[in-house]
Amino acid sequence: MRVLTVCTGNICRSPAVELLLASELAAHAGDPVITVASAGTAAVVGAPVSAPMAALLTEVDVPSDGFAARQVTPHDLRSSDLVVALTREHRTAAVQLEPSIVRRTFTLLELARIAAAIDPDELGDGAPAARLAALVALAGPRRGVLRAAEPQDDDVADPYGRGDAAYRASFDRLRPAVTVIARAVARA
């Protein structure tokens, strides 16, 4: 299974989700069959994780060393089993770039909400990669039923250039969502 996370510059939100999800899957699932990557719709190609987001990742023992931002491509999207966007706008951009991914593309908060509502037994007893595939298959049909109260509730705001409080607010929205997804997949 290949997971791709997508935001704008690929220096704040999507790398944080990439690194957190990879870390949580390793801790809870220990499944090297699931790989996690990230890219941006308007990436700051080659840039590291922004310093404020890197500091937040360090606080939870998730290193960001060696990360380099990259631009999302149709090939990245086609070759991903799950695309996790940080906003509805990113989800739309990804699907417009590669329409074939529409059924396996969700915002992070949307997917976490659906994962929390699914009975863990529905994901089966298999390995985490199989459980993640089952989650993706079940999430599509439930997206219309388990909508956010307000559409913007599915978005994680971009903290770039807005100060430490904005970074903290963004991190505090995305981190619990990552945990919900990782634990559902790991059956933790």
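The values are calculated or read from the model by the stated rules, or taken from the named source; none is laboratory data. Quantities reported herein were computed from a predicted structural model and do not represent experimental measurements. Don't worry about glycine lacking a Cβ; one is built from the backbone with ideal geometry, like all the others, and counts go over all protein chains shown.
So here's what we get for this one:
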quantity	calculated
Members of segment 72-88 that are outside any loop (DSSP other than H, G, I, E, B), more than 12 Å from the chain's Cα centre (by Cα) and surrounded by 15 or more Cβ atoms within 10 Å (Cβ to Cβ)	D76, L77, R88
Test: V95 is surrounded by 13 or more Cβ atoms within 10 Å (Cβ to Cβ), assigned to a helix (DSSP H, G or I) and not basic (K, R)	yes
Filter pass, V95 being within 22 Å of A26 (Cα to Cα) and either hydrophobic (A, V, I, L, M, F, W, C) or without any contact (Cβ under 8 Å) to a residue 60 or more places away in the chain (or both)	no
Failed criterion for A69 (all others in (1) outside any helix (DSSP H, G or I); (2) in contact with a Leu (Cβ under 7 Å, 6 or more places away or on another chain); (3) among the aliphatic types (A, V, I, L, M) hold)	(2)
Residue match in segment 38-45 (condition: at pLDDT 95 or above, part of a helix (DSSP H, G or I) and farther than 14 Å from R2 by Cα)	no
D125 of a type in the set (D, E, K, R) and either part of a helix (DSSP H, G or I) or buried (at least 16 other Cβ atoms within 10 Å of the Cβ) (or both)	no
